[in-house]
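Worksheet for the structure shown next.
What follows is calculated from the coordinates using simple rules that are stated; it is not laboratory data. Small disclaimer: the values here were computed from a predicted structure and weren't measured. When we count neighbours, we look across all protein chains shown, and the Cβ atoms used for this are built from the backbone with ideal geometry, even at glycine.
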Amino acid sequence: AQSVTQPDIHITVSEGASLELRCNYSYGATPYLFWYVQSPGQGLQLLLKYFSGDTLVQGIKGFEAEFKRSQSSFNLRKPSVHWSDAAEYFCAVAPRYNNNDMRFGAGTRLTVKP
Amino acid sequence: DAGVIQSPRHEVTEMGQEVTLRCKPISGHDYLFWYRQTMMRGLELLIYFNNNVPIDDSGMPEDRFSAKMPNASFSTLKIQPSEPRDSAVYFCASSSRGGYNEQFFGPGTRLTVL
């Protein structure tokens with residue numbers, strides 16, 4: 001069955017520390033991959049996406065993600081977290097044969113300690 | 001552009017009542033999506049339109065739910081009759097060229113059915 005998994009429900013990091021949020025997918029073929037961020041009371045905003053090509057993708061707000069086909073993973077990273085990064089982060093996938101059918105992971109809530 | 005506009009932002013109603021949620025997509029976008037977000041099921045795609053035509057409504061939970069897009073600048077999601085289990089945040093999103101481009105999300109409508 002097609003699925004996207006975010007193993008960590010909640011992560012707490014100190015401001016200035018590095019961050020890695022995990023995302024694994026199970027699809028018949030490599031899907032399109034996305035990371036979205038949701039601030040409290042807000043809609044989702046796209047951080048970055050991967051369709052093909054370079055497996056290291058740069059996004060907005062200093063985020064990057066690396067696609068690893070062998071691990072079926074698309075982990076999100078940031079070298080130095082800011083207090084304003086506290087939010088909910090969603091990994092999403094869409095099959096190449098219907099890239100409008102986007103499926104979201106359960107989300108990872110990020111808390112940033114001062 | 002003002003972004004995707006949703007109304008109302010909050011809706012509280014009683015079981016059995018009809019509820020209508022509204023969405024104005026970003027001008028020029030030809031795809032419109034309706035999502036539902038709950039703690040139990042996360043973020044789910046309900047239906048999406050292309051050029052005002054419903055393309056995939058397989059995510060609509062049951063016949064009590066219906067969605068329309070009478071023109072390029074307006075869409076509605078109706079629940080009739082509403083039930084407590086419909087309580088959720090409903091998001092509308094729009095994009096140009098569908099899944100190849102970013103989906104821009106509205107702020108959502110928080111629906112509470114008593």
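A simple spin-label model places the labels of A:Ser84 and A:Thr5 3.5 nm from each other, with each point 7 Å out along Cα-to-Cβ. Here B:Ser58 and B:Ser27 are evaluated by their C-beta separation; at R0 = 30 Å the FRET efficiency comes out at 0.60.
For chain A, a Gaussian network of Cα nodes joined below 10 Å ranks A:Leu33, A:Leu19, A:Leu56 by mean-square fluctuation, and the top entry is A:Leu56. Extending 7 Å from Cα along the Cβ direction at B:Phe74 and again at A:Lys61 yields two label points whose distance is 3.4 nm. Here the gap between A:Ala17 and A:Gln42, fully extended at 0.36 nm per residue and compared with their Cα-Cα distance, gives a gain of 6.5 nm. Seen from every direction in turn and averaged, the convex hull around the alpha carbons of chain B projects onto 6.5 nm². By the Cα gyration tensor, chain A has an equivalent ellipsoid whose semi-axes, rounded to whole angstrom, run 23, 14, 12 from largest to smallest.
For the protein assembly as shown, the number of Lys pairs separated by eight or more positions or lying on different chains, with C-alpha atoms closer than 28 Å, is 13. Counting alpha carbon pairs within less than 8 Å and at least 6 residues apart, what relative contact order, in whole percent, applies to chain A? Taking the mean separation of contacting Cα pairs over the length of chain A, I get 37 percent. Taking every alpha-carbon pair within the protein assembly as shown, the share separated by more than 25 Å comes to 41 percent.
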